[in-house]
Structure formats: C-alpha cells, structure tokens
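All remarks here apply to the structure that follows.
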Amino acid sequence: MYDYPAYYYNQQPVYPHTPTASPYCQPCCSPYGSWDRTAAMDHGLYEHRDYPAVDTKILSHSLTTSQHLLKDASLVIQKLADPATSHELMKHAQQGNQKEVDRIVRSFGSTSSVATTYSPSSVRFTIDPRTDGGVPCCEVTLSLKWGQ
C-alpha cells in the first residue's frame, strides 16, 4: 500500500538540497533564520571597524545643561502644587486657551523654554534650553496625568 504512487498524490518532490540555497549565505545564517555574528567573523564577513576617539565635551555640556533643566522641571512641579495655579491652568486648558496656558507657565519663572501640550487626560511640559539657532543638546519632558 505504501508503495502505491497515488497514495502520495499531493506531495511535493523532495530534493537532497535546497535548489535556491546560496553557498555565500549558508555559513553565517543559523538554522533558525537569524544572523550568527561569530560565524560571520570566522568567515571574514564581519570587518573590524575603527571608531573615532572618545570625546566627552558634548556629553559634559548636555549633563550640565540637564541639571538646570531638572531644576526648572522641579520649579514647574512646585508651582503646580498650588491648587489655585493648577485650577487656573486646567480651566484654561479645558477651554482650549493656549495663550493663557502659556502665560501661566511663563509666570512660573523658569529660565528655560517650556512648551505645554495637553489632552483631557494629561498635560506635558517639554523643557529645553533656550538656544539661539543652535541644535538643543537635551530636553526634559514632564508628563502629568490630570484626568481619566
């Protein structure tokens, strides 16, 4: 019965090897379909790369600036802890009065630029240093929930 050809009528022919397999791809690919870095290194496909020398000046500048941004974020939190201020901010945000929301946030006395966006469920303050035409080095985003 098992030697009868009609018994296996829907099966595809079985090849001893995959006809589309490339000899260049085989050594570096694992049988699970992912890239095998160690096999690539053994076969010379993973070249050694030279990186520039480490320079921490930009990172140091970002760290120093971030400390000031975190102080301004703390100032925003302290001002919002006052129930009258938070009530005014929420009232104007609910009315969609962005100019008044921005005026209230500017009155906090932050030395950094604070951009405010809000939705019915949250308010987001993006605090970044005031740079004159330059690329900002860092920013702090403070997200607070204020509704359902």
Whether any residue in region 121-137 is touching a residue at least 40 places away in the same chain (Cβ under 8 Å), acidic (Asp, Glu) and assigned to a loop (DSSP other than H, G, I, E, B) is what I want to check. no
Which numbered condition PRO52 misses (of (1) surrounded by 13 or more Cβ atoms within 10 Å (Cβ to Cβ); (2) over 16 Å from SER143 (Cα atoms)): (1)
With the structure loaded, tell me whether GLY96 is at pLDDT 90 or above, within 30 Å of the chain's Cα centre (by Cα) and not in a helix (DSSP H, G or I) or whether it fails that test. yes
Taking the conditions exactly as written (modelled with pLDDT of 85 or more and either farther than 15 Å from PHE125 by Cβ or out of contact with any Pro (no Cβ under 7 Å at 6 or more places or on another chain) (or both)), does LEU89 satisfy them or not? yes
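The values are calculated or read from the model by the stated rules, or taken from the named source; none is laboratory data. Bear in mind that the values here come from a model prediction, so they are computed numbers and not experimental data. Glycine gets a Cβ as well: all are built from the backbone with ideal geometry, and neighbour counts include every protein chain shown.
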